[in-house]
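Read through the structure below, which is laid out as structure tokens, and then see the notes.
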Amino acid sequence: MQEQFGEKIPFCEPYWYQGGHSPYYTENHKKYRALVRDFVEREVKPNVDKWLKTGYPKELHQKSCELGVESVVYPREFGGKMPQDYDPFYEMILYDEVARVGGGMVLGHIMINGLGLPPIIAAGTPELKKRVLPDVVAGKKFVCLAITEPTAGSDVAGIRATARREGDFYIVSGVKKWITGGAYSDFFTTAVRTGGEGMGGISLLVLEKDMPGITIRKMETQFDTSHNTTFITLEDVKVPVANLLGKENQGFKLIMANFNHERFIIAAETCRKARICYEESIKYALQRRTFGKRLVEHQIIRYKLAEMARLIEALYDNLERVGFQFKSNVPDAKLGGQCALLKVNASRTFEFCAREAAQIFGGNSIVKEGKGKIIERLYREVRGSAIPGGSEEILLDFVIRQAATEATKSKL
Ligand SMILES: Cc1cc2nc3c(=O)[nH]c(=O)nc-3n(C[C@H](O)[C@H](O)[C@H](O)COP(=O)(O)OP(=O)(O)OC[C@H]3O[C@@H](n4cnc5c(N)ncnc54)[C@H](O)[C@@H]3O)c2cc1C
């Protein structure tokens, strides 16, 4: 058996933390895991209740980047601490470990840049990258992703914000809704319409906080508001053509490629949230007594815990399988179905675990204090996994539409 790391109760940590063998993790991954856990335990956990109300302090990003926690996913050439053997398993460890303190920490802290920065890395001009990346990688500035609009959520190809070319500038007008991290961000990776209707008329443009014409309003959400969900109004914002990502009218492909990565990291975060439901529940069931027995001695409670563990373990295997496809450089176009299924698998697992955990905690899961307060909080985060980044209905429909198209094309 390998050495143990973290919680010893079976299934409270991924299998390779608890002595299981794996082909994916090296000594360097283990060192990185220890680094992130130490950061979360020392810097975040003692403050998280306060920060879930106030939002995360910007200095926390700087600290996590300096330590190499957050910046492990950023390219070295811009100051990131990406190791020579970097692979998606580092990213999986990052989101899994950070999610241990609740979803607000991932969405409000690390995922801000995780959504908006990859298209800039993939398709920004060298000058744009030089301007955006160093400060973001150092944790001093932030990027968010602004795709969705009040009239275009699932139907991304229906966005209406326009970017009209005038010489060396685009003039951008429109509205963006539910933009995570908007109040915090310095750069906005924004989907705009530069051409005709549909997906062929969309471009990605980087807007900057100080450009006149941008108004940002914070929106309250069902769960904690530390992640700054915002409504953004764009009125004749003058944006240099040099801020275009890739080619004009070809932004849809960039958006789609980014979705695969987004779904992978949402699934990694969601898997840990489901695991926390299990961890909190088994610890509670080992202590709480009803009818003269500990809860864990009632068969129906054991059954609930077993079902949670079964789904979480299967989800973790699923994450590793998709992570290995990214590592093996499988083209994004071939990963859409796998990433879509993975995200649905994650949100359904989390939904089930949050429900069963709430039943195990009883009344304690309904109040925002005491032993069940984490479960109360997680229960309110379920829809935040199931809808943003591709809702369950849209993803499942996409998977079979794509399969049917391929089958029809090749006359299977
Ligand atoms: C907390 C939060 C954070 C977010 N962060 C961001 C962000 O950072 N950046 C960003 O750009 N966006 C963000 N979003 C937006 C998010 O991606 C959208 O909410 C999501 O894509 C769904 O769009 P919609 O809400 O407009 O639902 P709609 O598209 O209006 O759909 C409504 C419902 O109908 C279902 N539905 C729609 N069409 C079909 C169909 N053809 N067949 C079957 N069912 C269908 C959907 O599954 C959904 O359940 C965020 C949203 C939230 C709530």
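The values are calculated or read from the model by the stated rules, or taken from the named source; none is laboratory data. As the structure is a prediction and not an experimental result, all values here were calculated from the model. Because the Cβ atoms are built from the backbone with ideal geometry, glycine has one as well, and the counts that use them run over all protein chains shown. Calculation scope for accessible area: heavy atoms of the full protein, side chains included, ligands and nucleic acids excluded. Shrake-Rupley method; radii C 1.70, N 1.55, O 1.52, S 1.80 Å.
For region 240-280, a residue qualifies if it is open to solvent by less than 10 Å² (accessible area, probe 1.4 Å) and outside any helix (DSSP H, G or I), and exactly one does: Leu245.
Tell me, please, whether a residue that is β-branched (Val, Ile, Thr), outside any helix (DSSP H, G or I) and surrounded by 19 or more Cβ atoms within 10 Å (Cβ to Cβ) can be found in region 23-45.
There is no residue in region 23-45 that is β-branched (Val, Ile, Thr), outside any helix (DSSP H, G or I) and surrounded by 19 or more Cβ atoms within 10 Å (Cβ to Cβ).
For every residue, the table says whether it meets (1) under 17 Å from Leu117 (Cα atoms); (2) within 13 Å of the ligand (Cβ to nearest atom).
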position: Ala163; (1), (2): no, no
position: Val175; (1), (2): no, yes
position: Phe188; (1), (2): yes, yes
position: Gly196; (1), (2): no, no
position: Leu205; (1), (2): yes, no
position: Asp210; (1), (2): no, no
position: Phe223; (1), (2): no, yes
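If you go through region 196-212 and pick out every residue that is open to solvent by less than 30 Å² (accessible area, probe 1.4 Å) and touching a Ser or Thr at 6+ places or on another chain (Cβ under 9 Å), you end up with 7. Here's a check for you: in region 227-239, which residue that is crowded, with 21+ Cβ neighbours inside 10 Å and among the hydroxyl-bearing types (Ser, Thr, Tyr) is modelled with the highest pLDDT? Taking the candidates together, the pick is Thr230. Does Ala314 satisfy the criteria of being open to solvent by 10 Å² or more (accessible area, probe 1.4 Å), within 16 Å of the ligand (Cβ to nearest atom) and either free of Cβ contacts under 8 Å to residues at least 24 places away in the same chain or in the same structural domain as Tyr284 (by TED's automatic domain parsing) (or both)? Against the criterion (open to solvent by 10 Å² or more (accessible area, probe 1.4 Å), within 16 Å of the ligand (Cβ to nearest atom) and either free of Cβ contacts under 8 Å to residues at least 24 places away in the same chain or in the same structural domain as Tyr284 (by TED's automatic domain parsing) (or both)), Ala314 does not qualify. The residues listed here are Asn364, Asn345; of these, the one that is under 25 Å from Pro88 (Cα atoms) and either more than 15 Å from the ligand (Cβ to nearest atom) or exposed (fewer than 14 other Cβ atoms within 10 Å of the Cβ) (or both) is Asn345.
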